[in-house]
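Engineer: Can you read through this structure? Questions will come right after.
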Amino acid sequence: MEKLLFFVYSIGILIRIYLSFSDFSTSIADRVEVSTPLNSWKRVIEGVSLYNENINPYDGDLFHETPLALVFFSHLTSTFSDFYVSLVFIVCDLITAFVLYYTSKIYTENLLKQQTKTKHVYNKEFNKLLIPDDFSVINPFYVCSVYMLNPYTVFSCIARTTTVFNNLFLALCLYSMVKRHRLLGCLSLVLASLPTFYTFGLLAPLMISCAPIDSKKKTGSFIITFLTCGTISCSLLYLCYTIMNEWTFLDSVYGFILNVRDLKPNIGLFWYFFTEMFEHFRALFVCAFQLNASVLYVIPLSIRLRRDPLLLATSLLTLTAVFKSYPSIGDVGFYLSLLPIHRHLFYFMQQAFIVSCFFVGCTVFAPTVWHLWIYSRSANANFYFGVTLAFATTQIFLITDLLFAYIKREFALKHGMKRMINGKEARLMLD
């Protein structure tokens, strides 16, 4: 397995290096599915250029990164040449895959330990549903392979989108959950949420994972985790203020995301809806869409998935990637790499083939329809929105299928696989 892992790493590195230094990287960076106003490297370069000329990059509607990111990218581009900057993105991607590998390994080992402790409450037929011991070796390999070889994460890396750094912080946050490291988890969560507040919903699984088993001490642990995240967030925001000596960046970063000022097409649902929306209804639907994308699902999912914080985090990341205002395929590629962690649920999933076909179809049709719309003028915005709508629906089918599989497995472990009606085994028959 170590040789296979080394082979996957080598292939992933070679693909990224080859594509990053080819002409193909420029065309990928221009794709609306890959680069958005929030993660575009071109906008970062322009913002850094303005900052180096002592011009406030937040005066216009061009730069939407935080001042911390502005300073970091300013030092990065001034210290390293363009060649080494590309290598920095590749190295960050490799570290992310490495962190996800160990996250999966530790999580699966914890599941096996928990399975050993709770065998006595399972149904007599539970043997078919047990997690095999080799999952602790195979699952991490699959997670690493999916991340390293997934076209979504590869394209995001070679386009040098800032999503690469965001994914690294999210991976560290997930690692902190399974290791129960509160401080590292809070710091990585805040760094991941600072450019876009959507991922702050991961505070719920972080609070659950860091809480002790004793129910009397859970409330205090929740408060400590919440206050730690709040303190780090306020500290970093104040640091951003000291860098710029003003608070205008808040409107350029968070106001831009909340108000959806840029309606350039992407793989999300906001752009088309608000293009067609009457202006006097805009505030109402902006609030409805943003609540749906940020906090609507956090509490109900946290209550239902409180025993599996990593599955809760995966669900919230998926919903965020679907409903956020400026999503990219880098967000999608990250949560797709988390699916092999939950391979023990695949037995109960029923829509995997349909979802896979739609993922492939939407990935192929999106650039095709875009070319027909923008260049050939033989299509219109409805065609491209149809593809993005199908893509969002596919992701919703995926996460609902995964969550239903979790519930079905829980039920089957306690009550068995057979369905009895009046003492006889139930059967499905076609008349």
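Engineer: Looking at the structure I just gave you, is residue 139 surrounded by 21 or more Cβ atoms within 10 Å (Cβ to Cβ) and either modelled with pLDDT of 95 or more or touching a strand residue (DSSP E or B) at 6+ places or on another chain (Cβ under 9 Å) (or both)?
Structural biologist: Details: surrounded by 21 or more Cβ atoms within 10 Å (Cβ to Cβ): yes; either modelled with pLDDT of 95 or more or touching a strand residue (DSSP E or B) at 6+ places or on another chain (Cβ under 9 Å) (or both): no.
In short, no.
Engineer: How about the range 159-175: which of its residues are over 22 Å from residue 308 (Cβ atoms) and either of a type in the set (A, V, I, L, M) or without any contact (Cβ under 8 Å) to a residue 12 or more places away in the chain (or both)?
Structural biologist: Within the range 159-175, 159, 164, 168 meet the criteria.
Engineer: Just to be sure before I move on: is residue 286 open to solvent by less than 10 Å² (accessible area, probe 1.4 Å), assigned to a helix (DSSP H, G or I), within 19 Å of residue 385 (Cβ to Cβ) and in contact (Cβ under 8 Å) with a residue 24 or more places away in the chain in the structure I sent? Walk me through it before giving the result.
Structural biologist: On the way: open to solvent by less than 10 Å² (accessible area, probe 1.4 Å): no; assigned to a helix (DSSP H, G or I): yes; within 19 Å of residue 385 (Cβ to Cβ): yes; in contact (Cβ under 8 Å) with a residue 24 or more places away in the chain: yes.
No; evaluated as a whole, the condition is false for this residue.
Engineer: Can you pull out the helices (runs of 4 or more DSSP H) entirely within the range 151-269 that have at least 3 residues that are under 30 Å from residue 50 (Cα atoms)?
Structural biologist: Fully inside the range 151-269 and qualifying: 151-158, 163-179, 182-193, 215-244, 256-259.
Engineer: Further question: Considering the range 123-136 alone, what residues qualify as being surrounded by 12 or more Cβ atoms within 10 Å (Cβ to Cβ) and at pLDDT below 70?
Structural biologist: Correct list: 123, 125, 126.
Engineer: State whether one or more residues within the range 26-34 are basic (Lys, Arg) and farther than 15 Å from residue 154 by Cβ.
Structural biologist: Taking the range 26-34 first, the residues basic (Lys, Arg) are 31.
Then drop every residue that is not farther than 15 Å from residue 154 by Cβ, which leaves none.
Within the range 26-34 (the criterion being basic (Lys, Arg) and farther than 15 Å from residue 154 by Cβ), the answer is no, since none of the residues qualifies.
Engineer: For the range 294-306, name all the residues that are assigned to a helix (DSSP H, G or I) and modelled with pLDDT of 90 or more.
Structural biologist: Residues of the range 294-306 that are assigned to a helix (DSSP H, G or I), as a first pass: 294, 298-304.
Scanning the range 294-306 gives 298, 299, 300, 301, 302, 303, 304.
Engineer: Just the residues that are open to solvent by 20 Å² or more (accessible area, probe 1.4 Å) and either among the polar types (S, T, N, Q) or under 22 Å from the mean Cα position of the chain (by Cα) (or both), please, taken from the range 266-283. If you could, list the steps in order and put the result at the bottom.
Structural biologist: If we filter the range 266-283 for residues that are open to solvent by 20 Å² or more (accessible area, probe 1.4 Å), which is where we start, we get 269, 272-273, 275-283.
Of everything in the range 266-283, those that are open to solvent by 20 Å² or more (accessible area, probe 1.4 Å) and either among the polar types (S, T, N, Q) or under 22 Å from the mean Cα position of the chain (by Cα) (or both) turn out to be 269, 275.
Engineer: May I ask you to say which residue of 363, 393, 388 is in a helix (DSSP H, G or I), within 17 Å of residue 268 (Cα to Cα), touching a Gly at 6+ places or on another chain (Cβ under 8 Å) and not hydrophobic (A, V, I, L, M, F, W, C)? Explain how you work it out, then say what you get.
Structural biologist: Values: 363 fails: touching a Gly at 6+ places or on another chain (Cβ under 8 Å); 393 fails: touching a Gly at 6+ places or on another chain (Cβ under 8 Å).
Selected residue: 388, the only one of 363, 393, 388 that is in a helix (DSSP H, G or I), within 17 Å of residue 268 (Cα to Cα), touching a Gly at 6+ places or on another chain (Cβ under 8 Å) and not hydrophobic (A, V, I, L, M, F, W, C).
Engineer: Scan the range 42-62 and tell me whether some residue there is farther than 26 Å from residue 145 by Cβ, touching a residue at least 40 places away in the same chain (Cβ under 8 Å) and in contact with an Asp or Glu (Cβ under 6 Å, 6 or more places away or on another chain).
Structural biologist: So far as the range 42-62 goes, no, none of its residues is farther than 26 Å from residue 145 by Cβ, touching a residue at least 40 places away in the same chain (Cβ under 8 Å) and in contact with an Asp or Glu (Cβ under 6 Å, 6 or more places away or on another chain).
Engineer: What number of residues in the range 53-73 are touching a Phe, Trp or Tyr at 6+ places or on another chain (Cβ under 6 Å) and in a helix (DSSP H, G or I)? Write out each step before concluding.
Structural biologist: First, the residues of the range 53-73 that are touching a Phe, Trp or Tyr at 6+ places or on another chain (Cβ under 6 Å): 57-58, 64, 67, 70.
Retained after the next criterion (residues that are in a helix (DSSP H, G or I)): 67, 70.
So the answer is 2.
Engineer: Check whether at least one residue in the range 409-418 is modelled with pLDDT of 90 or more and open to solvent by 70 Å² or more (accessible area, probe 1.4 Å), and report yes or no. Explain how you work it out, then say what you get.
Structural biologist: The initial filter retains those residues of the range 409-418 that are modelled with pLDDT of 90 or more, namely none.
No, the range 409-418 contains no residue that is modelled with pLDDT of 90 or more and open to solvent by 70 Å² or more (accessible area, probe 1.4 Å).
Engineer: Conditions: (1) assigned to a helix (DSSP H, G or I); (2) under 19 Å from the mean Cα position of the chain (by Cα); (3) basic (Lys, Arg). Residue 128 meets all but one. Number of the miss?
Structural biologist: Only one criterion is unmet by residue 128, namely (2).
Engineer: Restricting attention to the range 50-74, and to residues there that are of a type in the set (S, T, N, Q) and in contact with a helix residue (DSSP H, G or I) (Cβ under 9 Å, 6 or more places away or on another chain), which single residue is most open to solvent (accessible area, probe 1.4 Å)? Give the derivation first.
Structural biologist: We begin by selecting, within the range 50-74, every residue of a type in the set (S, T, N, Q); these are 52, 54, 56, 66, 74.
Among the residues that remain, those that are also in contact with a helix residue (DSSP H, G or I) (Cβ under 9 Å, 6 or more places away or on another chain) are: 52, 56, 66, 74.
On the way: 52: 89, 56: 30, 66: 7, 74: 15 Å².
So the residue we want is 52.
Engineer: May I ask you to verify whether residue 15 is surrounded by fewer than 16 Cβ atoms within 10 Å (Cβ to Cβ), among the aliphatic types (A, V, I, L, M) and at negative phi? Working first, answer last.
Structural biologist: Details: surrounded by fewer than 16 Cβ atoms within 10 Å (Cβ to Cβ): no; among the aliphatic types (A, V, I, L, M): yes; at negative phi: yes.
It is false that residue 15 is surrounded by fewer than 16 Cβ atoms within 10 Å (Cβ to Cβ), among the aliphatic types (A, V, I, L, M) and at negative phi.
Engineer: Do you know which of the residues in the range 289-310 that are among the hydrophobic types (A, V, I, L, M, F, W, C) and surrounded by 15 or more Cβ atoms within 10 Å (Cβ to Cβ) is farthest from residue 339 (Cα to Cα)?
Structural biologist: Within the range 289-310, the match that is farthest from residue 339 (Cα to Cα) is 289.
Engineer: While we're on this one: So the check is Cβ under 9 Å with 6+ separation or different chains; which pairs have a first residue in the range 350-378 that's surrounded by 14 or more Cβ atoms within 10 Å (Cβ to Cβ) and a second one that's among the hydroxyl-bearing types (Ser, Thr, Tyr) and not in a helix (DSSP H, G or I)?
Structural biologist: 372/378
Engineer: Right, something else. From (1) more than 30 Å from residue 369 (Cα to Cα); (2) modelled with pLDDT under 95; (3) open to solvent by 20 Å² or more (accessible area, probe 1.4 Å); (4) not aliphatic (A, V, I, L, M), pick out the condition that doesn't hold for residue 255.
Structural biologist: (3)
The values are calculated or read from the model by the stated rules, or taken from the named source; none is laboratory data. All values reported here derive from a predicted model rather than from experimental measurement. Cβ coordinates were reconstructed from backbone atoms using ideal geometry, including for glycine residues, and neighbour counts include every protein chain displayed. Surface areas here come from the heavy atoms of the whole protein model, side chains and all, with no ligands, DNA or RNA. Shrake-Rupley method; radii C 1.70, N 1.55, O 1.52, S 1.80 Å.
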